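Notes follow once the structure below has been shown.
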Number of protein chains: 2
Amino acid sequence: MSEPTRVYRFAVNVTPKPGILDPQGKAVERSLPHLGIAGVTGVRVGRRVELAVTATDAEAARAIVARLAGELLSNPLMEQYEVEALGETPAPAGAGAAG
Amino acid sequence: MSEPTRVYRFAVNVTPKPGILDPQGKAVERSLPHLGIAGVTGVRVGRRVELAVTATDAEAARAIVARLAGELLSNPLMEQYEVEALGETPAPAGAGAAG
């Protein structure tokens, strides 16, 4: 039998790097007066990707997420990312571990 | 003179509601085999908006963010949001409080 696995949940928060123009953030800021909202500044719009990884330990799971974040979910020229652990649960019976 | 103000930083995490189709998440899942990544499931792609609010207290700041999140940053039919406090600092001299 294979090693027992667990399901690790993560979020990857991808945001524009400091200094990189963020047109979506500027669009939000320009909309604020129309909503009557004052005092909001520095709006930056990025992506949040939530996912689950089935793996034998937290370190292996995090390595997979870091690879995914750097190679698929973010553009390293313009964006930075942070990986956030959201929790873990035992894997359901029959779930395959991450390769 | 007006009340002293502080700058409160927040993130608004907007994600597709459970049960709502997420084509971006499915596209990520379909890309995984090409990257040789296994064991990743339940990918959901949303937005992360980071911003700063100048206000007299944390409660007032959070109320502004909740309004912004519900009225501008998310589509309440298809999306849910969470507000995450990222920290606070004294406001620079001359900064106006949120209205």
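Please identify the pairs in which a residue from the stretch A:37-48 that is more than 10 Å from B:E50 (Cα to Cα) has its Cβ atom under 7 Å from the Cβ atom of a residue that is charged (D, E, K, R), counting only partners at least 6 apart or on another chain. From the stretch A:37-48, the pairs are A:I37/B:R67; A:R47/B:R47; A:R47/B:R48; A:R48/B:R47; A:R48/B:R48. Taken over the stretch B:1-20, the criterion of being open to solvent by 50 Å² or more (accessible area, probe 1.4 Å) and not in a loop (DSSP other than H, G, I, E, B) is satisfied by B:R6, B:R9.
Candidates are the residues of the stretch A:21-41 that are open to solvent by less than 50 Å² (accessible area, probe 1.4 Å), within 8 Å of chain B (Cβ to nearest Cβ) and of a type in the set (G, A, S); the one that is farthest from B:P90 (Cα to Cα) is A:S31. Taking first residues from the stretch B:1-30 that are free of Cβ contacts under 8 Å to residues at least 24 places away in the same chain and partners that are open to solvent by 20 Å² or more (accessible area, probe 1.4 Å) and assigned to a helix (DSSP H, G or I), no Cβ contact under 6 Å between residues at least 6 apart in sequence or on separate chains turns up.
Look through B:R62, B:R48 and report the one residue that is within 22 Å of A:R44 (Cα to Cα) and open to solvent by 10 Å² or more (accessible area, probe 1.4 Å).
Only one candidate passes the filter, namely B:R62.
Taking the criterion of being more than 8 Å from every other protein chain (Cβ to nearest Cβ) and not β-branched (V, I, T), would at least one residue in the stretch B:51-58 satisfy it? Give the derivation first.
Initially, the stretch B:51-58 is screened for residues more than 8 Å from every other protein chain (Cβ to nearest Cβ), giving B:56-58.
Retained after the next criterion (residues that are not β-branched (V, I, T)): B:57-58.
Yes, that holds for at least one residue.
Looking across B:E71, B:E88, one residue alone is at pLDDT below 95, at the interface with chain A (Cβ under 8 Å from one of its Cβ atoms) and open to solvent by 70 Å² or more (accessible area, probe 1.4 Å). It is B:E71. Tally up the residues in the stretch B:7-20 that are among the basic types (K, R) and within 11 Å of chain A (Cβ to nearest Cβ), please. Summing the residues that are among the basic types (K, R) and within 11 Å of chain A (Cβ to nearest Cβ) in the stretch B:7-20 gives 1.
Residues are listed down the side, and each one gets a yes or a no for (1) within 18 Å of A:A11 (Cβ to Cβ); (2) under 15 Å from the mean Cα position of the chain (by Cα):
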site	(1), (2)
A:H34	no, no
A:G46	yes, yes
A:L51	yes, yes
A:A55	yes, no
A:A66	yes, yes
A:P76	no, yes
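Going through the stretch B:52-86 one residue at a time, which ones are more than 28 Å from B:Q24 (Cα to Cα), of a type in the set (A, V, I, L, M, F, W, C) and part of a helix (DSSP H, G or I)? Result: B:A58, B:A60, B:A61, B:A63, B:I64.
The values are calculated or read from the model by the stated rules, or taken from the named source; none is laboratory data. Nothing here was measured: the structure is a model prediction, and the numbers come from that model. Neighbour counts are summed over all protein chains in view; Cβ atoms, including those assigned to glycine, are modelled from backbone coordinates with ideal geometry. These area figures cover heavy atoms from the full protein model, side chains too; ligands, DNA and RNA do not enter into them. Shrake-Rupley method; radii C 1.70, N 1.55, O 1.52, S 1.80 Å.
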